[in-house]
Amino acid sequence: MASRIVIDPVTRIEGHLRVEIEVRDGAVVDAYSSGTMVRGLEIILKGRDPRDAWVFAQRTCGVCTTVHALASVRTVEDALGIAVPPNAELIRNLMMCAQYMQDHVVHFYHLHALDWVDILGAVKADPQSASALAQKISDWPLSSAAYFAGIRKRLQTFIDSGQLGIFANGYWGHQAYRLPPEANLLFAAHYLEALAWQKEVVKIHSIFGGKNPHPDYLVGGVPCAINLDEANCLNAQRLAYVGTLLDEARNFVERVYLPDVLALASYYKEWCGFGGGLSNYMAYGDLPVRGYGDPSGFRFPRGIVLERNLGELLPIDGRDAAQVQEQVARSWYRYSDGDEGSRHPWEGQTELAYTGPNPPYEHLDVAGKYSWIKTPRWKGRPMEVGPLARILVAYAAGSTDVREAVHEALQRLGLPLESLYSTIGRTLARALETRLIARWAQEFYRDLRDNIARGDVSTFNGARWDPATWPPEARGVGMSEAPRGALAHWIVIRDQKIANYQLVVPSTWNASPRDSRGQMSAYEAALIGTPVADPEKPLEVLRTIHSFDPCIACAVHLYDERGRSLHRCTIM
Amino acid sequence: MGKSRKDAVLVLGIGNLLMGDEGVGIHAVRRLECSALPPRTEVLDGGTGGFHLLSCFREYGRIILVDAALDGRPPGTVTVLRPRFASDFPRALSAHDVGLRDLVESASLLGPLPEIVLVTVSIAQAQSMCTELSPAVASSLPRVSAAVLSLLEGRGSPICPAGSAGGSGSRCSRRVTGNRRSASRRGGSPRRN
């Protein structure tokens, strides 16, 4: 008999996600992923000035800050035919790289790692063994036995206080934890180091955009003036500080984060056999080197891999009505011409129509509509987006950077290419791309400095700023690669105001419910076959969900002010 | 950027200005910014800053935290205490927030904590999409200012007179309500280490 398990809320993610799974004979046989919140940003944006759209759109999420602002300004620039100056492209790239590095490192240590690392097991470790392990995997200097003894003591004191605090409610001691004690202690130490480090690299956002989260963007460029000698501009001192922050970031990524992920993969090789899911991968691509108008110059190439065929890369056109479409067959929305239909975002509709149960409830009606997330499809096919998709698309595109990074890692681990199609593969892809980004960021920085040295300080193209220069109607699409995957906004501008605005975000692709043909999206597909040793502690399920780095973005809260849950986790 | 702040006091307000009474900590520090403060005092609107505020715990030798608390006391009750346990800190009000408790616990894992005094204003609920305080909570602001200023002037612990063991783990607190208790300890409290 299958048992139905509910995990709600899924913690250590961004936003509000509920997962219902059926387990039979110790493995997941069916899965339903539900986004349990909605805010209606698309409704909020209607009627506003397109030049303001990025401000609102960016508030979609503070964890993946910057990404929606970038997609938004590109959308409007696409609609109005605006090309931004090279310095603005470089600064946008640098802001994106800073976001990636912080986001991925935080995700691994503070959101994902505790699925693999038993924090309570760390206090049993011998500091000498931890030191030996640390020095074997990296030359990072914080690696002495005394250092690890100090960490172990701090953790012990924390645990002895009786209240596990930020480590409360974990599945400590679960049989699926496989790390030896010294590895637990090593990761625990790095968890703390990453917590202290992660606030540094995002200072780059403050330098270029005024603050973090939610730095400023600008249709036509970036809102920072460059003048090496002026106190109130992007000057020599601030520019130098950006360089320092990038060096420190690369240092941390190359000597702590990536070695840790490789070490983790070596202990959990059997997890190369779970969590693969879909066979189609999509990347809009990003990080232009010859301007956003030339995708052939993107560091992350644009394209689609179908059926895991890395020998062929298919093109994507966001303007083609037959390619990207959204469905609401299993989502709480109404389409004016029937809920079984599929709409390109320029014809997108966002009419909220909740037909789910009133809380508190035991189960969603998974035979009907069960999520606030719409279901996107590319030519009717489900797509995985995110680090794994980017790596595979780049691989298929022949990117030498990516191929080298992939081959080196797999060789070191003694794993075949197919192992990438898994939970560990996705986690490894995230680390590999971060290392590449750390290097690319330094190149963008060097290019920016070179431009400025040549006397180019332009950061804004104001030719189409004035609405009087706009046509009566214009349509645009802006594409980007957010840390979690392919991101695009679509806009229809009419009479100088937003007539329609649609966001199709990475977690829309990955976390959506089934489509009208019953095809699963990435989370649901990836969960099938996941072992579940103890239905009361579905740690293994969390491993795969977290490997996607969900970002559902928050709105409705599931708890009242006193922490009383409005939903309960129950097992049938 | 490099100035040592170890001998400075930080008055740090925490809260969400958009959630009515939940933002009382922010209203309080904004009011304090307009007051005459002793030297080496800094005031920070920490907002819902979460882990961005971790660096404050490393930089300052003393922090006075001001925050709302859902503690069941009459709304507007001002409580001053030196927290001894994580449970002394108000919990986060939603599954999503990084609350004060999480922040302090993380800071304690990263290194020694500064001296912390916690000033809370009791609230009955957070109001959505509202920047105003309810009357009871708004009336607490002068008392919050007074409590913080007296802490700053005395620069000492407001609680646990010298020699007191503090009981078996119970927290020591002085409640400043509309009916003031004896003010005998004001300004004369011996410094704790």
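The values are calculated or read from the model by the stated rules, or taken from the named source; none is laboratory data. Source: prediction; values computed, not measured. A quick note on method: Cβ atoms are made from the backbone with ideal geometry, for glycine too, and the neighbour counts reach across all protein chains shown.
Remarks
- Residue A:168, sole failed condition from (1) under 29 Å from the mean Cα position of the chain (by Cα); (2) at pLDDT 95 or above; (3) among the small types (Gly, Ala, Ser): (2)
- Residues satisfying the stated conditions in region A:162-190, i.e. more than 10 Å from residue A:117 (Cα to Cα), touching a residue at least 60 places away in the same chain (Cβ under 8 Å) and aromatic (Phe, Trp, Tyr): A:171
- Scanning region A:196-212 for residues that are among the aliphatic types (A, V, I, L, M) and free of Cβ contacts under 8 Å to residues at least 24 places away in the same chain yields a total of 1.
- Within region B:95-123, being within 18 Å of the chain's Cα centre (by Cα), among the hydrophobic types (A, V, I, L, M, F, W, C) and facing chain A (nearest Cβ under 10 Å) holds for B:98, B:103, B:104, B:107, B:123.
- Residue pairs whose Cβ atoms lie under 6 Å apart, separated by 6 or more positions or on different chains, with the first residue in region B:81-93 and under 12 Å from residue B:117 (Cβ atoms) and more than 11 Å from chain A (Cβ to nearest Cβ) and the second surrounded by 20 or more Cβ atoms within 10 Å (Cβ to Cβ) and at pLDDT below 70, are B:82/B:157.
- Members of region A:192-204 that are surrounded by 23 or more Cβ atoms within 10 Å (Cβ to Cβ) and within 14 Å of chain B (Cβ to nearest Cβ): A:201, A:202
- Residue count, region A:505-519 (criterion: touching a residue at least 12 places away in the same chain (Cβ under 8 Å) and either in a helix (DSSP H, G or I) or surrounded by fewer than 24 Cβ atoms within 10 Å (Cβ to Cβ) (or both)): 10
- Counting only strands (runs of 3 or more DSSP E) that sit completely within region B:1-88, zero hold 2 or more residues that are out of contact with any strand residue (DSSP E or B) (no Cβ under 9 Å at 6 or more places or on another chain).
- The residues in region A:436-462 that are surrounded by fewer than 19 Cβ atoms within 10 Å (Cβ to Cβ) and part of a helix (DSSP H, G or I) can be counted, and the count is 10.
- Set A:52, A:78: member being surrounded by fewer than 17 Cβ atoms within 10 Å (Cβ to Cβ), more than 15 Å from the chain's Cα centre (by Cα), within 16 Å of residue A:218 (Cβ to Cβ) and modelled with pLDDT of 95 or more: A:52
- Here region B:51-80 is the region considered, the condition is being touching a residue at least 40 places away in the same chain (Cβ under 8 Å) and small (Gly, Ala, Ser), and the residue that is farthest from residue B:24 (Cα to Cα) is B:61.
- Count of region A:2-58 residues which are more than 14 Å from every other protein chain (Cβ to nearest Cβ), more than 30 Å from residue A:499 (Cα to Cα) and in a loop (DSSP other than H, G, I, E, B): 3
- Single unsatisfied condition, residue A:138 versus (1) of a type in the set (Ser, Thr, Tyr); (2) away from chain B (no Cβ under 14 Å); (3) touching a Ser or Thr at 6+ places or on another chain (Cβ under 8 Å): (3)
- The residues in region A:463-488 that are farther than 17 Å from residue A:295 by Cα and surrounded by 24 or more Cβ atoms within 10 Å (Cβ to Cβ) can be counted, and the count is 2.
- Positions within region A:432-453 being within 27 Å of residue A:260 (Cα to Cα) and either touching a His at 6+ places or on another chain (Cβ under 8 Å) or without any contact (Cβ under 8 Å) to a residue 40 or more places away in the chain (or both), in sequence order: A:433, A:434, A:443
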